[in-house]
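Comments concern the structure below.
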Amino acid sequence: MKMKLLIAFLLLSVGGAAGASTEIIVGDGQIDGRKIEPFELTWQQCAYQDDEWISQGSVTETLSPIGDTVLRLRRNVRQSNGVTGVSTTYFDRASFAPIRMENEVTGADGSVLAYSQRDLTADGYEGFAVRGEDKRIVQGAVSSNMLDGGSLGLPLATIGYQNEPLEFLASMMSFDASYRVKAEWVGREVLKHGDQQVESWMIDVEWHHEELGDIYPPGPDASGGRYWVVPNPPDGFPYVPRYKTDTYAVEFINGDCLRD
């Protein structure tokens with residue numbers, strides 16, 4: 001009995017040590033958006049359906065500064081049916097805190113199908129959403145104290161390699177949801193791009209849905225996913241060349257969506 005208690009205590013101690021992590025609070029200086037240079041690049045995205053990866057069209061991102069204090073990230077998603085979605089997020093340049101989000105969806109004929117705008121503060125967000133003739137006021141708890149989950153790779157690229165996991169709050173405005181995220185640096189991988197060899201960091205992320213309690217496990221073959229990030233990319237190469245889960249991937253390099 002004493003031996004069993006000792007083994008249980010040792011396992012608990014090891015598990016506790018392995019689970020240690022560092023907390024990131026938006027604005028505490030650990031993330032610095034001023035390290036990110038402007039870019040305009042295109043990725044391919046795909047989804048795993050019926051035992052194969054199916055193309056989901058292209059994603060073009062344009063990052064540009066507005067003065068010394070704001071970063072604007074515009075994401076243009078063009079689907080195979082001609083529908084285009086353009087999302088624009090404005091960040092505080094130093095902290096990478098999201099401060100405004102705009103979304104516009106246009107049909108194949110160029111007509112605007114929907115538009116929304118949300119302004120974020122530390123207390124939550126307020127804005128409006130328009131669909132056809134219907135316009136409504138929207139508000140919620142997603143705040144500027146949470147990193148934008150849709151562009152999480154960029155702030156992670158500003159942090160040096162971590163030997164311990166990091167934890168922070170993030171949001172997915174499209175789901176009006178907040179998450180506690182655990183990010184763990186799991187290794188390095190050399191990526192091929194033309195005649196270049198680019199070293200990337202692999203970061204696995206685990207998402208805990210704050211409202212529902214759901215957990216999305218980390219890794220490229222799980223629902224939480226893995227980021228490949230390059231802190232100092234060469235010209236024409238992205239900070240985040242790849243993100244993959246068990247059912248979705250977005251890639252700048254050859255993988256599930258892009259193949260030789």
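The values are calculated or read from the model by the stated rules, or taken from the named source; none is laboratory data. Computed from a predicted model, the values in this text were never measured in an experiment. Virtual Cβ from ideal backbone geometry, glycine too; neighbours counted across all protein chains shown.
Tabulated results
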read-out	value
Test: residue in region 178-186 that is aromatic (Phe, Trp, Tyr), without any contact (Cβ under 8 Å) to a residue 40 or more places away in the chain, closer than 26 Å to Ser87 by Cα and not in a strand (DSSP E or B)	no
Any chance Asn163 is polar (S, T, N, Q) and free of Cβ contacts under 8 Å to residues at least 40 places away in the same chain	yes
Residue in region 167-175 that is buried (at least 20 other Cβ atoms within 10 Å of the Cβ), of a type outside the set (A, V, I, L, M, F, W, C) and over 13 Å from the mean Cα position of the chain (by Cα) present	no
One residue from Gln45, Gln139 being touching a strand residue (DSSP E or B) at 6+ places or on another chain (Cβ under 8 Å), farther than 26 Å from Asp256 by Cβ and not in a loop (DSSP other than H, G, I, E, B)	Gln139
Residue match in region 183-190 (condition: at pLDDT 95 or above and more than 20 Å from Thr245 (Cα to Cα))	no
Failed item, numbered, when Ile54 is tested on (1) exposed (fewer than 15 other Cβ atoms within 10 Å of the Cβ); (2) part of a loop (DSSP other than H, G, I, E, B); (3) in contact with a strand residue (DSSP E or B) (Cβ under 9 Å, 6 or more places away or on another chain)	(2)
Positions within region 187-215 being assigned to a strand (DSSP E or B), without any contact (Cβ under 8 Å) to a residue 12 or more places away in the chain and of a type outside the set (S, T, N, Q), in sequence order	Val190, Ile215
Selection status of Gly160, outside any helix (DSSP H, G or I) and under 19 Å from Gly29 (Cβ atoms)	yes
Residue selected from region 189-248 under the condition on the phi > 0 side of the Ramachandran plot and surrounded by 17 or more Cβ atoms within 10 Å (Cβ to Cβ), by the criterion farthest from the chain's Cα centre (by Cα)	Gly219
Residues located in region 50-68, provided they are more than 14 Å from Ile36 (Cβ to Cβ) and either hydroxyl-bearing (Ser, Thr, Tyr) or in contact with an Asp or Glu (Cβ under 6 Å, 6 or more places away or on another chain) (or both)	Trp53, Ser55, Ser58, Thr60
Selection count, region 135-152, where residues are of a type in the set (D, E, K, R) and more than 16 Å from Val181 (Cα to Cα)	2
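Per-residue answers, yes or no, for (1) at pLDDT below 95; (2) assigned to a strand (DSSP E or B); (3) surrounded by fewer than 16 Cβ atoms within 10 Å (Cβ to Cβ):
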residue: Thr89; (1), (2), (3): no, yes, no
residue: Phe96; (1), (2), (3): no, no, no
residue: Ile99; (1), (2), (3): no, yes, no
residue: Gly110; (1), (2), (3): yes, no, yes
residue: Leu113; (1), (2), (3): yes, yes, yes
residue: Ser116; (1), (2), (3): no, yes, no
residue: Leu120; (1), (2), (3): no, yes, no
residue: Tyr125; (1), (2), (3): no, yes, no
residue: Phe128; (1), (2), (3): no, yes, yes
